[in-house]
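Asker: My questions all concern the structure below.
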Number of protein chains: 2
Amino acid sequence: MLGQMMETPLLVTSVLERARRFFPRSEIVTRSAAGELSRLSYADFYKRTARLAGALARLGVVRGDRVATLCWNHHRHLEAYFGIPSMGAVLHTLNLRLHPSELSFIARSAEDKVVIVDRSLLPLYQKFAADVPSIRHVIVVPDDGATPPDLLDYETLLAAERDDFAWPPLDERSAAGICFTSGTTGNPKGVVYSHRSTVLHTMVSCMTDTLALSEGDVVMPVVPMFHANAWGLPYSAVAVGARVVMPGPRLDAESLTTLMATEKVTLAAGVPTIWLGILALLDAAPKRFDLSSIRSMVIGGSAAPPSMIEGFQSRHKLHVTHAWGMTETSPLGSLARIKRSLDAADPAAQLGLRSTQGYAVTLIDQRHVADDGRVLPWDGSTMGELEVRGPFVASGYLGGAGADRFTQDGWFKTGDVVTIDAEGYIRITDRSKDVIKSGGEWISSVALENALMSHPAVLEAAVFAGRHPKWDERPLAAIVLKPGHSATKAELTAHLESRVAKFWLPDDYLFMAQIPRTSTGKFLKSKLRDDHGDMLMGR
Amino acid sequence: MLGQMMETPLLVTSVLERARRFFPRSEIVTRSAAGELSRLSYADFYKRTARLAGALARLGVVRGDRVATLCWNHHRHLEAYFGIPSMGAVLHTLNLRLHPSELSFIARSAEDKVVIVDRSLLPLYQKFAADVPSIRHVIVVPDDGATPPDLLDYETLLAAERDDFAWPPLDERSAAGICFTSGTTGNPKGVVYSHRSTVLHTMVSCMTDTLALSEGDVVMPVVPMFHANAWGLPYSAVAVGARVVMPGPRLDAESLTTLMATEKVTLAAGVPTIWLGILALLDAAPKRFDLSSIRSMVIGGSAAPPSMIEGFQSRHKLHVTHAWGMTETSPLGSLARIKRSLDAADPAAQLGLRSTQGYAVTLIDQRHVADDGRVLPWDGSTMGELEVRGPFVASGYLGGAGADRFTQDGWFKTGDVVTIDAEGYIRITDRSKDVIKSGGEWISSVALENALMSHPAVLEAAVFAGRHPKWDERPLAAIVLKPGHSATKAELTAHLESRVAKFWLPDDYLFMAQIPRTSTGKFLKSKLRDDHGDMLMGR
């Protein structure tokens, strides 16, 4: 027996139409590269979005075509976020931090037909455009000056169109957007969001126990719109009619903090690096900025250090919401909210919970599994790879890549090694490629690094797997000492003995001047393994 | 181009499983008919729900079978709310306020196979059960004493089952529940909810700008679970892991207010009559109850008088959330929340907005149309029939009844006459044409007229709404007797008693020589209301 309810599809178009009907006076505030603020009402935003759709249609964009953006966070990028999917095309956000060779691979894979690019990013665009034969048109957003006369200008195109557009009826499973993972191993892989997944993710974001977005909020996505859909905030903020503040390309702590204070931002979201800078600024001048409007600073993208969460809370009365997600999860997967039953916990325990990755948001299932696929208990100590599933989790990648990331029984393998406690709180202990497997037991490199870095003489520590004839793998620690400090292997082992299990103790230490790093500043553990991974084999 | 996201169906089962995984220590508090409180953890609630599904399967219930409930608000009814749809069967809530002849019509129409009935309601059940040939089993909930030995006992059945149940995979469009409208014109009509519509309605309810439900809430549905799914609160409260307080059959102001205070309820929901009683109680003894835990009192079912909303706010600092909906809209359709841009309005204007039906919730579209189908402007003065659409609005009724309530272009005609202002706020001006709303329940004037006119002495009868100090409205009947016949008020009441529910009986009768009519010969009920509508106000 079927229900007898309307088969209204879940479409990005409905989010846009709702914004027009109920929130015409809400605003989108954009700060330009030059630092000037502009304000656009939702009513005008809607008209411009319709005009963009008209312009794209006139250029020959049809249903299913990919339209790429290479843009900072600003209102025109938001117009693309809504106009492209609502007309039936597919929004493909290009990551301006990538190497031109990666960008050409990504744009070729997605078969982008049109690219909307900020004038300030034209030099980057021109480094890869010639390698992408599918591109028919490039539209220039005049973000920092006039569009060169030989190129299509965004504003000129819009000026020629109408304030409305006959949005087509669409299947909710239609593609709405594509975002590529950053591809730490192998080529980047494309995640293809549907209208349905986007709308469901939007609704979950707005639930009170997720981000609690409201029409009364002032939302500032610091996280770039080319990075996992800016965590869905462009959709969820507009869905509720919130004021949106777009910071443009100026992402230094001073500019962001000033903007938060003057625009009375209530919720801002960004990666830990951004927040570390802001915390340092606030610590240096605690009374300089009035941030009393802020109710939540959302931190994700990588794990936030507990000391930072605690610093905001205790020194500045600013509440941090620690979230976890991936491009493949739209991206909100879990969020560290404190349950009522744990609310009476002592401050240290509370901070401990706030520093976890939290528990899965609504509609998402979580589990962690051993190497052999066994589902593991939620005991807070057994480590396993985190797997998730739900209607806004990818079921595969563009073109069939990465099929090994999906289990037979319908889960996505995140690559994060975690523990899960009895209440469901997830704690990342490693990336799966970095975990150390010693005699069938898993050892967390992250936990060992944190313990080592609490030693007064240690500046940096990178723990990696050394191959071992008996135990398969044993931990090795690369250590950079603070200038003028010293520590012996025995002292470090003694320091660790009170902090970790005995079998976790590194078999050896390597003192070095610096630890090899990736271009984005992460430890390059693969090089450590290549250079030193066999040093235990003779023992 | 299709998205590549998991095709996870939206199922009631997922809500239940999430409750078990993440909120095992949350509680369901039930007050029995005798006034005693019992507490059930979600962990135990889950097990009992699985046991109920096991028991129903053992009785032969298969996918698509209708399982009816005739119950007050208590934890066993909540078990039915989750166990029946999650096993693939269809929950059909029977309204215990209806006349046995209506109940038999409704249960026959739904082809109920099993009925779960409170022991206290067995006398009512026995008045119509024999007329429903589809019923195979009746399960008695021992709410006020032991189950009679010849009948199936709910607890005995559960005791024989396992704590888990292999919930079947389901299509999200599968029927999850049936609720009949009260049938103001003609026979009651069945609305068939799907799993998808139920989950979407649940998520929208939990959004911050709707009811903002949170795990930290203590939710008390005073609105009966047999009345439009208790506005979806059984699903939405469990979805977020809130504490649920079930008031049982004691719905007097004293009992409810005491329960709110002692259980520290944060959100309670009921019809205006309930709240009027509570307001009177608070006014009489302002310091007797500590209701400081309450953040929202949700009022719906019929329009709340502005004086009541204002009274709670100004005299008791209690915040009223005024909502509108219908059985056909799951039921939350709109909600009177104040937008930021209107927040500076003066108190009178604010109260005016709070007294409207608000604007449509997320995923719902609204419009109002003239008699000729023209879509009307949002100018705050033009009256038209409210129409809504969305994925949790009915697309038809069980068995194809009432097709004239649905437009060619996919909207549901609500029957409410409204204005809509420029911001989208809906105001019901002539609630619906002739329906009488008595204490949140609808009374059909047409049905009463038909019953009255079946009396041998009655020539014509026009039933209209008289305003009433306690019940909002009560039926009044204008009667024209046949020449040469006579009938007393008592005789007419006796005639009706066997034909309609007791609370439908008119409060008074007006004998007249002729009933005022429109030019086209219809009863001019507005004139009757103008001339006689206040005759009950002094009682």
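The values are calculated or read from the model by the stated rules, or taken from the named source; none is laboratory data. In this text the structure is predicted, and so the values were computed from the model without any measurement. Cβ sites come from the backbone with ideal geometry, for glycine too, and all protein chains shown count toward neighbours. Keep in mind that these areas ignore ligands, DNA and RNA; they rest on the heavy atoms of the full protein, side chains included. Shrake-Rupley method; radii C 1.70, N 1.55, O 1.52, S 1.80 Å.
Asker: Name the one entry in A:Pro234, A:Pro123 that is surrounded by fewer than 22 Cβ atoms within 10 Å (Cβ to Cβ) and not basic (Lys, Arg). Write out each step before concluding.
Answerer: Numbers: A:Pro234 fails: surrounded by fewer than 22 Cβ atoms within 10 Å (Cβ to Cβ).
The unique qualifying residue is A:Pro123.
Asker: Of these, A:Thr419, A:Thr382, which one is more than 20 Å from the chain's Cα centre (by Cα), away from every other protein chain (no Cβ under 14 Å) and surrounded by fewer than 23 Cβ atoms within 10 Å (Cβ to Cβ)?
Answerer: Result: A:Thr382 is the single residue among A:Thr419, A:Thr382 that is more than 20 Å from the chain's Cα centre (by Cα), away from every other protein chain (no Cβ under 14 Å) and surrounded by fewer than 23 Cβ atoms within 10 Å (Cβ to Cβ).
Asker: If you go through region A:474-482 one residue at a time, do you hit one that is of a type in the set (A, V, I, L, M) and exposed (fewer than 13 other Cβ atoms within 10 Å of the Cβ)?
Answerer: no
Asker: Same structure again: If you take just the strands (runs of 3 or more DSSP E) that sit entirely in region B:142-238, which of them hold at least 2 residues that are of a type outside the set (A, V, I, L, M) and either under 30 Å from A:Pro9 (Cα atoms) or at pLDDT below 95 (or both)?
Answerer: Details: elements: B:175-180, B:190-194, B:218-221.
Once the strands (runs of 3 or more DSSP E) in region B:142-238 are filtered for at least 2 residues that are of a type outside the set (A, V, I, L, M) and either under 30 Å from A:Pro9 (Cα atoms) or at pLDDT below 95 (or both), what remains is B:175-180, B:190-194.
Asker: Another question about this same structure. Looking at the structure I just gave you, is B:Pro377 in a loop (DSSP other than H, G, I, E, B), within 14 Å of another protein chain (Cβ to nearest Cβ), out of contact with any helix residue (DSSP H, G or I) (no Cβ under 9 Å at 6 or more places or on another chain) and within 22 Å of A:Glu17 (Cβ to Cβ)?
Answerer: yes
Asker: Among the residues of region B:1-57, count how many are in a helix (DSSP H, G or I), open to solvent by less than 20 Å² (accessible area, probe 1.4 Å), of a type in the set (A, V, I, L, M, F, W, C) and more than 10 Å from every other protein chain (Cβ to nearest Cβ).
Answerer: 9
Asker: Being within 17 Å of B:Ser38 (Cα to Cα) and hydrophobic (A, V, I, L, M, F, W, C) is the filter here; which residues of region B:252-280 pass it? Can you show your working first?
Answerer: The initial filter retains those residues of region B:252-280 that are within 17 Å of B:Ser38 (Cα to Cα), namely B:255-256, B:258-265.
Within region B:252-280, B:Leu256, B:Leu259, B:Met260, B:Ala261, B:Val265 meet the criteria.
Asker: Being part of a loop (DSSP other than H, G, I, E, B) and among the acidic types (Asp, Glu) is the filter here, so list the residues in region B:58-107 that pass it.
Answerer: B:Asp65
Asker: If you don't mind, there's one more thing I want to ask. Considering every residue within region B:257-269, establish whether at least one is at pLDDT below 95, polar (S, T, N, Q) and touching an Asp or Glu at 6+ places or on another chain (Cβ under 8 Å).
Answerer: First pass over region B:257-269, keeping only residues at pLDDT below 95: none.
Looking for residues that are at pLDDT below 95, polar (S, T, N, Q) and touching an Asp or Glu at 6+ places or on another chain (Cβ under 8 Å), one finds none in region B:257-269, hence no.
Asker: Still on this structure: At least 3 residues that are closer than 26 Å to B:Pro100 by Cα and at pLDDT 90 or above in each: list the strands (runs of 3 or more DSSP E) lying fully within region B:425-520 that qualify.
Answerer: Correct list: B:458-468, B:472-481.
Asker: So which of A:Glu161, A:Glu155 ends up being touching a residue at least 40 places away in the same chain (Cβ under 8 Å), more than 14 Å from chain B (Cβ to nearest Cβ) and at negative phi?
Answerer: A:Glu161
Asker: Kindly indicate whether B:Asp346 is closer than 26 Å to B:Thr181 by Cα and either in contact with a Pro (Cβ under 6 Å, 6 or more places away or on another chain) or open to solvent by 50 Å² or more (accessible area, probe 1.4 Å) (or both). Spell out the reasoning first.
Answerer: On the way: closer than 26 Å to B:Thr181 by Cα: no; either in contact with a Pro (Cβ under 6 Å, 6 or more places away or on another chain) or open to solvent by 50 Å² or more (accessible area, probe 1.4 Å) (or both): yes.
Considered against the rule, which asks whether it is closer than 26 Å to B:Thr181 by Cα and either in contact with a Pro (Cβ under 6 Å, 6 or more places away or on another chain) or open to solvent by 50 Å² or more (accessible area, probe 1.4 Å) (or both), B:Asp346 comes out as no.
Asker: Can you say whether B:His227 is within 14 Å of another protein chain (Cβ to nearest Cβ) and either open to solvent by 10 Å² or more (accessible area, probe 1.4 Å) or farther than 23 Å from B:His99 by Cβ (or both), as far as the supplied structure shows?
Answerer: In short, no.
Asker: Still on this model: Grab the helices (runs of 4 or more DSSP H) fully contained in region B:260-370, keeping just those with 2 or more residues being within 14 Å of another protein chain (Cβ to nearest Cβ) and of a type in the set (Lys, Arg).
Answerer: Details: elements: B:272-284, B:306-316, B:347-354.
The helices (runs of 4 or more DSSP H) meeting that bar number zero.
Asker: Return a yes/no flag: does region A:110-119 have any residue that is modelled with pLDDT under 95 and surrounded by fewer than 20 Cβ atoms within 10 Å (Cβ to Cβ).
Answerer: First, pick out the residues of region A:110-119 that are modelled with pLDDT under 95: none.
The answer is no; no qualifying residue exists.
Asker: Filter region B:395-411 for residues that are open to solvent by less than 30 Å² (accessible area, probe 1.4 Å) and either assigned by TED's automatic domain parsing to the domain that holds B:Cys179 or out of contact with any Gly (no Cβ under 9 Å at 6 or more places or on another chain) (or both) and give the result.
Answerer: The answer is B:Trp411, and nothing else.
Asker: So B:Tyr397 passes all but one of these: (1) more than 13 Å from chain A (Cβ to nearest Cβ); (2) touching a Lys or Arg at 6+ places or on another chain (Cβ under 7 Å); (3) closer than 26 Å to B:Leu91 by Cα. Which condition number does it fail?
Answerer: (1)
Asker: Taking only region B:380-397 into account, find how many residues are in a loop (DSSP other than H, G, I, E, B) and at pLDDT below 95.
Answerer: Matching residues across region B:380-397 total 4.
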